[in-house]
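**Q** Quick one: this structure, given as structure tokens, is what I'll be asking you about.
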Amino acid sequence: MTLRAFANLALARIFAPPCAACGGTIPHPLDGAVCDACWASLATFTPPLCLGCGDPLPAWRATARAVTRCPRCRRRSRPISRLASAGPYQGTLRAVVHALKYDRRRSVAAPLSALMSAAGRDLLEDADAVVPVPLHPGREWARGFNQAELLATGLARPVRRLLTRVRATPPQVSLPAAQRHRNVREAFALNTREAARASTRTGAIARAPAGAEAVAGTRALDGLILVVVDDVATTGATLEACARVLLEGGAAEVRALTAARVVTEPR
Ligand SMILES: [Zn+2]
Ligand SMILES: [Zn+2]
């Protein structure tokens, strides 16, 4: 028996830490807070999906007319060009996200990131950087980490903290949908120091037209394709507020990737 196998056995026997999702016993506690059966049963989205908001599209509609966006996304243009999520915010996935956020089980972040990488392969591929949705410093201090940042670090793209939260807002989940856009409208600002670093590192300045240096302070993100990362997308209000700030900063395109997504009514 290896030392690790022995440690797993001893931990499971002595502490019997329950699985953060199902409450059952975890046979290999050193490998994480969620049991293998839960990871295996976790529901992810399967295509066809709307490129704009990530909602499932009715299969017949997608195949019959080569539709790639849902009616809502075809009707109005959004600051976020594309959104993808690993799965619906329910069941095991919801329990895993809760384990990360509220029980501070950081070990679930890496496997969640892996699911997000798979779901967002197309939108990560040519992206210059991933941008975690910031927490208000007070909330991050209380939690000890920003879950969006943990998820972003597992996506194999440069992580840039391009946004700051300038106003504490009540959690979106606690508000009715109509108030969510108002709640976050002015909550975010560009982190100008990080923006300047991002543009020089990724060569955006070199790609920008002559004279761009003069306006680098305000258009620091010129030409960048960015992916905003968060744990859950509810109405998308938070992601859209972040995207607006990045677009005003000069980003060429803003996409979004979340672990889970609240699916709106079928259509
Ligand atoms: Zn479990
Ligand atoms: Zn859509």
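The values are calculated or read from the model by the stated rules, or taken from the named source; none is laboratory data. These figures come from a predicted structure and were not determined experimentally. Here the Cβ is made from the backbone with ideal geometry for all residues, glycine too, and neighbour counts use every protein chain on show. The protein model used for the area step is the full one, side chains on, heavy atoms only, and it has no ligands, DNA or RNA in it. Shrake-Rupley method; radii C 1.70, N 1.55, O 1.52, S 1.80 Å.
**Q** Quickly estimate the mean residue ellipticity at 222 nm for the chain, helices only: each DSSP H run with n ≥ 4 gives -39500 (n - 2.57), and the total goes over all residues, rounded to 500.
**A** -10500 deg cm²/dmol
**Q** What is the local net charge at VAL97, summed over the other residues whose Cβ is closer than 14 Å to its Cβ (Lys, Arg +1; Asp, Glu -1)?
**A** Once positives and negatives cancel, what remains is +4.
**Q** Could you sort ASP31, ASP128 by their accessible area in this structure, using a 1.4 Å probe and putting the largest first?
**A** Result of the area sort, largest leading: ASP31, ASP128.
**Q** Rank ALA114, ALA241, ALA178 by mean-square fluctuation in a GNM of the chain with C-alpha springs under 10 angstrom and give only the top-ranked residue.
**A** ALA178
**Q** Over the chain, average the accessible area per residue using a 1.4 Å probe and give it in Å², no decimals.
**A** That works out to 50 Å² for each residue.
**Q** Using the 2.2 N^0.38 Å rule of thumb for compact globular proteins, work out how the chain stacks up: its C-alpha Rg over that value, please.
**A** Output field value: 1.08.
**Q** Something else: Can you give me the Rg/Rh ratio for region 101-185, using Cα atoms for both radii and the Kirkwood formula for Rh?
**A** My calculation puts Rg/Rh at 0.99.
**Q** List every residue whose amide H lies under 5 Å from the amide H of THR25, counting only residues 5 or more places away in sequence or on a different chain, with H placed 1.01 Å from N in the peptide plane.
**A** Counting only residues 5 or more places away or on other chains, the set is CYS19.
**Q** Output the peptides 181-193, 152-164 sorted from most to least packed, where packing is the average of other Cβ atoms within 10 Å over each peptide's residues.
**A** 152-164, 181-193
**Q** Could you please state how large a percent of the accessible area of the chain is carbon and sulfur, counting protein chains only and using a 1.4 Å probe?
**A** 56
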